[in-house]
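Have a look at the structure below before the remarks.
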Amino acid sequence: LHNHGFWRPKPLLDSARFTLSFNSQHRKNHRDSQALWKHEAVQKYLETLSKEYQQVSHQLNADSLNDFEQRALRRRCADLSPIAAAFQEIKEAEREVQELEAMCTELDSRDEKQLLELALEEKESLDKKMNLLCRKLFQLLVPKEKYDRSPVILEVTAGRTTGGDICQQFTKEMFEMYQNYADYKRWTFDIVNYTPAEIGGLHHAAAHISGENVYRHLKYEGGTHRVQRIPETGMSSRMQRIHTGTMSVIVLPQPEEVDVKVDPKDLRIDTFRARGAGGQHVNKTDSAVRIVHLPTGLAVECQQERSQQMNKEIALRTLRAKLYQQVIERQLSQEQSARKLQLGTRAQSERIRTYNFTQDRVTDHRISYDARNIKEILSGKEALDNLINRLLEFAEIEAVTQYLENLQALEGGG
């Protein structure tokens, strides 16, 4: 197809792994999708794709193409069609905004207040439409991660603090938040392991979450979460002293088919009685299972089912997912592994989000964003979904910005 003068066998964006950069400078320049749209390099790149789409569409009508060329062109046309359509839609909306701005200037000079108010309302509506269209466009440009559609293993672990059990209590609240969020998104949430604390909190828990685009929505939840609150009981509550604690979240994608061979000789399998919530069978039979993979030291537990055999199967599936994650991490050359990136050293300085109960504020430090009403976020519904979608938008903006910077460096011989 090179003979036709337009074919470039490359993806729309490099399929590199994009992650939220904690010290990204792009954030200062591109607060939202609409701001990035106005960037000269973005306009140039989209114009190029739009012209290519016109060329591909025209070339598809040529009689000289063989079957292989037809199939290749149709695939490229299918890739470019929604981008070209979104590009034209934004251009039209932009023209409408410019016309309204000109009208507002004219009305302002004539002091026609009623018409001016209507025009300003229409402009505000168009601005929102523009931002949604730009977001849609960048979602089309950014490559989907290999595991975005995968179910996940989500683990929560209480951190350590002095003078109270706020870490364990907060860990329980966070686990319930993700359970509620799964219900809100109509996902399936199966508890694999649950280790309660003595005073009503939670030491550690793990769940298998499956549904539509689970990993895509949860992949940026992994990391250290910090809580600041006055304990409800004890001396600190009477003294109104604010305590700080942490808990950690790990999110591991679990592809449907995990082809990892596990030698039974490398496993140590222990059984014990289940703990915590689980019905009448709890503490009556040794149904819970712990499997240790001796070569790596990885350990998994499952006490979800009454049957020891079923718990063993679930634990083996979880172990394979963790071993598969190690394979994935080894493939990410010159990058921190996903698990290390999420966990770090669990130090408070490496926190990704702070939940300040005394100020009723949740701060995501990666995108410098504050949200109010902690209870709404911990309920795991719309407020949490809005925060997660804001993270996804910033990740998309950074992915596009990173690609365009690389492209400019290549064109400039850098």
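With a cut-off of 9 Å between beta carbons, the residues surrounding ALA315 carry a summed charge of +1, where Lys and Arg count +1 and Asp and Glu -1. For THR271, the solvent-accessible surface computed with a 1.4 Å probe is close to 70 Å², ligands and nucleic acids excluded.
Label-to-label distance, GLU117 versus GLU176, with points set 7 angstrom from Cα along the beta-carbon direction: 4.6 nm. Can you work out the FRET efficiency for the pair SER125 and ILE242, with r the C-beta to C-beta distance and R0 = 41 Å, to the nearest 0.05? About 0.45, to the nearest 0.05. Among TRP187, TRP37, the sequence by solvent-accessible area, most first, with a 1.4 Å probe is TRP187, TRP37. With the simple spin-label model, which puts each label point 7 Å out from Cα in the Cβ direction, the LYS38 to LYS261 separation comes to 5.9 nm. Taking amide H as placed 1.01 Å from N in the peptide plane, the amide H of HIS365 sits under 5 Å from that of ARG353, THR354, each at least 5 places away or on another chain. So, taking all protein chains as they sit and a 1.4 Å probe, how much accessible area belongs to ARG71, in Å² rounded to tens? Roll a 1.4 Å probe over it and ARG71 shows about 120 Å².
Using 0.36 nm per residue and subtracting the Cα-Cα separation, the extra length available between ASP148 and LYS51 on full extension is 31.9 nm. Among the protein heavy atoms, those of HIS365 account for about 60 Å² of accessible surface (1.4 Å probe, every chain in place).
The values are calculated or read from the model by the stated rules, or taken from the named source; none is laboratory data. The model shown is predicted, which means the values in this text are computed figures rather than measured ones. Don't worry about glycine lacking a Cβ; one is built from the backbone with ideal geometry, like all the others, and counts go over all protein chains shown. Remember, those area values only see protein heavy atoms, side chains included, never the ligands or the DNA or RNA. Shrake-Rupley method; radii C 1.70, N 1.55, O 1.52, S 1.80 Å.
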